[in-house]
Amino acid sequence: MKHAKYISLLATITFALSLAAFARDAKDAKSGTFTLDSPTQVGTTQLAAGHYKAAWSGPANAVKVNILQHGKTVATTEGQIKNLQNPSPYDAVTVKPMANNSNEKALHEIDFSRRTEALVLGGE
């Protein structure tokens, strides 16, 4: 009888932990991390090279994007979700030249490792 009690307790704990992991994964479904190798423009903000997190909300064709570093929002912009045919094999960013013909770059797209959605910035 003692063994049945311990097995029941273990099953309950396992279920609770898997539920917590599922909830975390669902929450993180609208966010992902990326790295900038050089200074890059995001919206109206120039970001230094470093590690960032993108979090978005709203419909896929008009998302509001917050760029966070160390848990604090450092830039905001708009964009849309682009569905990929295959999951991206790694995190990647695509930059494009700024319209003012300078050497500055603007963040255009973020692909997230093992995901079939990419974040296109600027509402294109």
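List of remarks:
- You will find that of A75, A62, the residue that is touching a strand residue (DSSP E or B) at 6+ places or on another chain (Cβ under 8 Å), of a type in the set (G, A, S) and over 13 Å from T40 (Cβ atoms) is A62 and no other.
- The stretch 74-105 - residue that is in contact with a Leu (Cβ under 8 Å, 6 or more places away or on another chain) and among the aliphatic types (A, V, I, L, M) and, of those, nearest to L119 (Cα to Cα): I81
- Whenever a residue of the stretch 49-60 is touching a residue at least 12 places away in the same chain (Cβ under 8 Å), its partners that are of a type in the set (F, W, Y) and outside any loop (DSSP other than H, G, I, E, B), lying with C-beta atoms within less than 7 angstrom and at least six residues away or across chains, give the pairs Y52/F34; A54/F34.
No value in this document is a laboratory result; all are computed from the given coordinates. The shown structure was predicted, so the numbers you read here are calculated from the model rather than taken from an experiment. In this analysis, Cβ positions are derived from the backbone assuming ideal geometry, glycine residues included, and neighbour counts consider all displayed protein chains.
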